[in-house]
Structure formats: structure tokens, C-alpha cells
1. So residue 16 ticks every box in (1) open to solvent by 60 Å² or more (accessible area, probe 1.4 Å); (2) touching a helix residue (DSSP H, G or I) at 6+ places or on another chain (Cβ under 7 Å); (3) β-branched (Val, Ile, Thr) but one. Which box is left unticked?
2. Could you say whether any residue in the range 113-121 is out of contact with any Phe, Trp or Tyr (no Cβ under 8 Å at 6 or more places or on another chain), part of a loop (DSSP other than H, G, I, E, B) and modelled with pLDDT of 75 or more?
3. Out of the residues in the range 210-248 that are open to solvent by less than 80 Å² (accessible area, probe 1.4 Å) and polar (S, T, N, Q), which is modelled with the highest pLDDT?
4. Count, please, the residues in the range 189-200 that happen to be more than 28 Å from residue 456 (Cβ to Cβ) and among the β-branched types (Val, Ile, Thr).
5. Of the residues 333, 322, which single one is at pLDDT 90 or above and surrounded by fewer than 18 Cβ atoms within 10 Å (Cβ to Cβ)?
6. From the residues in the range 48-80 that are crowded, with 24+ Cβ neighbours inside 10 Å and of a type in the set (Ser, Thr, Tyr), which one is nearest to residue 371 (Cα to Cα)?
7. Taking residue 207, is it part of a helix (DSSP H, G or I), of a type in the set (Lys, Arg) and surrounded by 15 or more Cβ atoms within 10 Å (Cβ to Cβ)?
8. Taking the range 33-47 on its own, how many of its residues are within 17 Å of residue 405 (Cβ to Cβ) and either in contact with a Lys or Arg (Cβ under 8 Å, 6 or more places away or on another chain) or open to solvent by 10 Å² or more (accessible area, probe 1.4 Å) (or both)?
Amino acid sequence: MQKDNIIAFVIFIISVAAFIIWGFNYISQHQLILFILASIFGIFMAFNIGGNDVANSFGTSVGAKTVTIKQALLIAAVFELSGAIFAGAEVTQTIRSGIVIFPKEFNPMLFVSIMLAALLSSGLWIFIATKKGLPVSTTHSIVGGIVGASIMMGLLKFDGPQTLSMVKWSEIIKIVISWVASPLLGGLVAYLIYAYIDKKILKPSEKLSEDLKIIKKEKKKFKENYFLNLKNKSTEEQIKELSAIALDDEEQENNFYKNKIKEFKEREKNIDIYSILKTHMPIVACISAAIISAMFLFKGLNNVSTLDILQNFWIIGILGIISYVITFAIVKIVKKNELNKTTDRLFSWFQIFTASSFAFSHGANDIANAIGPFAAILDVLKNATINAKSPVPFAAMAMFGVALVAGLWFLGKEVIATVGSKLATIKPTTGFSAELGASIVILLATQFGIPVSSTHILIGAILGIGVYNKNANWNLMKPIGLAWIITLPAAGIMAAIIFLGFKFILAI
């Protein structure tokens, strides 16, 4: 792992150096110091987003021992980076325009200071939470940073009422509501999914296995008793018996043994321990494939896809049918003496696909928490004005994607441990249920425009399954819940203080 860390660190440093060199040619020379500052803060924010949010996608996979931490980091790196580079650049609904309304006549350098303060404060808060192993919302963090710095700016430049009117408090209220709604929705959906899997697949399959074991024990006991009786008879008794028993009686006794054994075999044959899997696993695979492909099409690739809604649903339907057929074929050809291994293996495969989809969607969407403010700063430094939309250069998106991957590589282990093993007992079945439940809630929330946190939803999903299995760690939920509540004000207060420093340094 040490060698891998060195390689990852070298790639990260080379990427940063190349990005700084690119910036020298992108903006005017007198803005280079601010560009370097913004780059450091933005990359730091992206780094910490990767470190904290990697557990959203692969925490349960590691906890279920579906993949190792190293494998999880490698897979997450591929899908997070792919999502950020190929689908993240179009996420131009920057958080700044949806949370704070700035006056028309507004000093662009004040705006730059607000965004710098927001990036630094958010990055610091997420870093602290990550080192403590606490999964928090990176979106709430950057929102808190922007609001805190903006309010401080308003108090210095305007009066109190005008300052408060800049903030869209309705959006803040939605965030507060999401503290409760997100985990509850995630917990409810994951609870229902796992309840279905447990009642329709796990318990019935377990009962069939037990029935088969009982029959095999009965057959073994019958054989042992039969041959034991023969063995216990003395030679003299056997001679007397053979002389007394007619040939047809001896044949009748042999037939009795054969018929009894045949009866046991018939009973064994009539119990198909894979009948439950053949009925329900293809259905689970079909629904999972539909959800995963919907996550890719409607969330991960929503901003770059040219397909219409009918084409999307057609693709989803085809992938669902293919998954049904493949899963049915796999279940039908596996050996009957590996039921538990087969069940876990199938859910492990499902879990990897679900986690990969989660990672891609996260890279495509949550990278905006770092790239949005940075792109706005870059636009001001280049054009000396605040535009409605800020273009995202490919070099910036690639750099922030690499920073995201570096963060999950160097910081992600602590949060993965929390999500993967400390909140509840995680197995392939429970991990899959949590990820699929969280994916469904996020997908529906995205389509209906409901602001939810993917972090909060997944934590709620894990706890929902913990409630079902009666092994939820509520003691750990106390510091996590507290971290959720203080994320927005903590980032806001730090941003307000940092903004004062920038305002003094830049003399604006």
C-alpha cells in the first residue's frame, strides 16, 4: 500500500503543477496570486469531498467484505473521475446563485473573497469531520460557507434587513428539513427492500436447506442403524436366521432397504433449494439494473445526455430484461450444495454495480460543490465581472476530478470504517439493500427537485436495516447527527471570519 500511496501522491503533485502552469496562460498575470490561492482552496475542497463522500458509494461494500479497501478505492477512483470529467462540467447551476442573491452593482472582488472564504471554510470543516470518521454533507458545508461569508459582507456593506434579504431562507429551511427527511426516507426504503429479500429469499431458502439437511440426516441414521443391526448379530445367530429364513424373505428384506433409500432420494429430489432464488433473484436483478441505469441516465449523465425520456426508458427496460435473463441462467446452473455462497456472491455482484453507479453520479454532481465556486472565481479573474453563468474549463474539471480521487485515496478509510462496520452489521444482502434503497430515494428526489443529502440518505438506509436486524448502533449516530446539524453553521462561522481576513488583505 505504501508504494501505491507514493504513486498516487506523485500523480496528484504532477497534476497540480500542470494545472498551475495552465492557469498562467489562462488569466492575466496580475491575477496570478489570486488564481493560485483559489486553486489551492478549490483543490483542497475537492480533496476533502472525495475523502468524506467515498463512503457513500463503497462503505457498505467494504463492510460486507465484497471488496477490500484497496479494491474499493480503485473502483471508486475510476467511476468518480469518470463522472466528474464526462458529466460534471455541465453542472452549472452553481450553488451561489441558488442560495444568495447579490446586488446588481456589486464589487467583483468582494464576490471573489466570499467564494474563497466559502471554499476554505468548507474544506476545513469537511477535513475535520473526515478525520473524526464522521460522514457529513459536503453540499450543506459549501452552502453554509457561502451564506456565512455573504452575511458578513452584508453586515459590513449594507444594513441588517438588506443583508438578511439576500439569503434565500426558503432554501435553508429545505436543508434543515432534509436533516430529518433524508435519513428517514433512506431508512424506510432500505428497510422495505431488505424485508422483501429476507422474507422472500433468505428465510424460505434457509428453511428449504434445513428440510434437506433433516432428510439427509434421517437417511444417514437409517443406514447406520440397518448395518449396525447386521453387524451386531453373532455368527451363530446369523446361521440360525439364514436357515430359518426362506430365500424370498431375504430378498424381501433387501428390497425393503432399497425402497427406503429410494424413498429418501425421492424426498431429497422433491426439495429444490434453489427454487426460491430462481423465482425472486431475477426480479431483484431486473429492478436493480433498472435503478442503476436510471441513476446513470437521469442523474449521472443528465446534463450531457441527448436522449429523450422515451429512449432512456427503453434502455432501462432492455438492461432490466438482460439482467433478469442472466441472473436466472446463473442461478439455474450453479451447484445445489453452495446455496449460501451463491446467494452472497450474487448480492456481492449487485452491490458492486450499485456502488459504481453511486460513485459515478457523485463524481458528476457533488464535484460542483468545489468546481462551482472555483469556476465563478476564475470567471471573475479572467473577465473582471460577475456573469450569470461561469464556464468550466476542461483543465479545471480534470484537476478537481484528480483531487477528488486523491482525497478518497488518502482520507477515505476513516469514513469507510464508520459506514461499513460501525453503524450496523453489514453483509452483501444488507449492503446491497442499503445502496439500492439510497439510490432509489436520491433518484426520486432528483427528479422531483427535492434537496436531499446522499450522505444522510445512505446513513439512514444503513440504520433502517439495522433496525430490522436489531443491531443499529444508535450511540454512534449521536455524534454523526450532531455533525450534520452543526455543518452549516460551523462552515458559515468559519467563512465569515475568513472573509474578514480576505477583505483586509485585499483592501476592498
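The values are calculated or read from the model by the stated rules, or taken from the named source; none is laboratory data. Note that the coordinates shown come from a computational prediction; the quantities given were computed from them, not determined experimentally. With ideal geometry, Cβ positions are generated from the backbone for all residues, glycine too; neighbour counts draw on all protein chains shown. These accessible areas exclude ligands, DNA and RNA; they are computed on the full protein's heavy atoms, side chains included. Shrake-Rupley method; radii C 1.70, N 1.55, O 1.52, S 1.80 Å.
1. Going through (1) open to solvent by 60 Å² or more (accessible area, probe 1.4 Å); (2) touching a helix residue (DSSP H, G or I) at 6+ places or on another chain (Cβ under 7 Å); (3) β-branched (Val, Ile, Thr) one by one, residue 16 breaks only (1).
2. No, the range 113-121 contains no residue that is out of contact with any Phe, Trp or Tyr (no Cβ under 8 Å at 6 or more places or on another chain), part of a loop (DSSP other than H, G, I, E, B) and modelled with pLDDT of 75 or more.
3. Filtering the range 210-248 for residues that are open to solvent by less than 80 Å² (accessible area, probe 1.4 Å) and polar (S, T, N, Q), the one modelled with the highest pLDDT comes out as 225.
4. Looking only at that region, the number is 0.
5. Of 333, 322, the one residue that is at pLDDT 90 or above and surrounded by fewer than 18 Cβ atoms within 10 Å (Cβ to Cβ) is 322.
6. 57
7. The answer is no for residue 207.
8. Qualifying residue count for the region: 3.
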